[in-house]
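Visitor: Just dropping this structure here.
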Amino acid sequence: MSSEIQIGTGALSVKQRRPWVVVALSVVTLGIYQLVWYYKINREMRDVGIACDDAELAGSSPVRSILAVTLGGLIVIPEVISLIGTVRRVQRVERLATGRARPAAIPTALFITAVVLRNASGFRGLELVGLVSAPAFLAAIALIQSRLNRACTVAGAAVIGSGCSAQPAPGHAARPHSVSASHVVAESTGQQAAPAGQRAGAR
């Protein structure tokens, strides 16, 4: 099962996926779903960047990301760069959502371990090390999805960043988010809303 969180006031959204479902589908489809997943999360992080006016996220390319881990995987380096870049983008989304990013060490280490072991299994005598590659990669994608879910639901998905609101997409319930009319007017005019006590005294 999955649900969507609308980003900002437009049609952009981020899908929440259960990490174990992502892993299960990746296994059942022999890795095909994990490529679909990889493209989608990079596209969603780009959309968050567009909605939140974050140049680094908005300037990323999900197409380049998927090409790097498919065709680029033949020469290894582009794949590693793409995986590291994806972890960095997850950190950037976390920073927009919570003000701080969680460490990149574990998902990065899992990704690199998976790539190294997969390629090492092609050498004579090291065939069996490739059996560890898939679990390492699956653990990494489960962790990445979990972190994205947590970042996009922080505070009930009320706010991502100071200028970017996130709310459940149509058909999903949203938590109440109260904003006074005076704050709306003040924001539109560029003025600071007066405290409630001052407004009451002015009447």
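The values are calculated or read from the model by the stated rules, or taken from the named source; none is laboratory data. Note that the coordinates shown come from a computational prediction; the quantities given were computed from them, not determined experimentally. Note: ideal-geometry Cβ built from the backbone for every residue, glycine included; neighbour counts use all protein chains shown.
Visitor: For region 18-59, give me each residue that is of a type in the set (Asp, Glu) and either buried (at least 18 other Cβ atoms within 10 Å of the Cβ) or at positive phi (or both).
Guide: Residues satisfying the conditions are Glu44, Asp47, Asp53, Asp54.
Visitor: Tell me yes or no: at least one residue of region 45-53 is closer than 29 Å to Asn119 by Cα and at pLDDT below 95.
Guide: Scanning region 45-53 turns up at least one residue that is closer than 29 Å to Asn119 by Cα and at pLDDT below 95.
Visitor: Given the options Arg88, Arg102, name the one that is of a type outside the set (A, V, I, L, M) and under 11 Å from the mean Cα position of the chain (by Cα).
Guide: Arg88
Visitor: Of (1) touching a Gly at 6+ places or on another chain (Cβ under 7 Å); (2) without any contact (Cβ under 8 Å) to a residue 40 or more places away in the chain; (3) under 21 Å from Ile5 (Cβ atoms), Ile50 satisfies all except one. Which?
Guide: Checking Ile50 against (1) touching a Gly at 6+ places or on another chain (Cβ under 7 Å); (2) without any contact (Cβ under 8 Å) to a residue 40 or more places away in the chain; (3) under 21 Å from Ile5 (Cβ atoms), the one that fails is (1).
Visitor: If you scan region 138-154, which residues turn out to be under 13 Å from Val87 (Cα atoms) and either touching a strand residue (DSSP E or B) at 6+ places or on another chain (Cβ under 7 Å) or not β-branched (Val, Ile, Thr) (or both)?
Guide: Ala140, Ala142, Leu143, Gln145, Ser146, Arg147, Leu148
Visitor: Within the set of pairs 6 or more residues apart or between chains, which connect a residue that is touching a residue at least 60 places away in the same chain (Cβ under 8 Å) inside region 87-102 to a residue that is surrounded by fewer than 18 Cβ atoms within 10 Å (Cβ to Cβ) with Cβ atoms less than 7 Å apart?
Guide: Ala97/Val154
Visitor: Suppose we filter region 105-136 for residues that are under 26 Å from the mean Cα position of the chain (by Cα) and charged (D, E, K, R); how many remain?
Guide: 1
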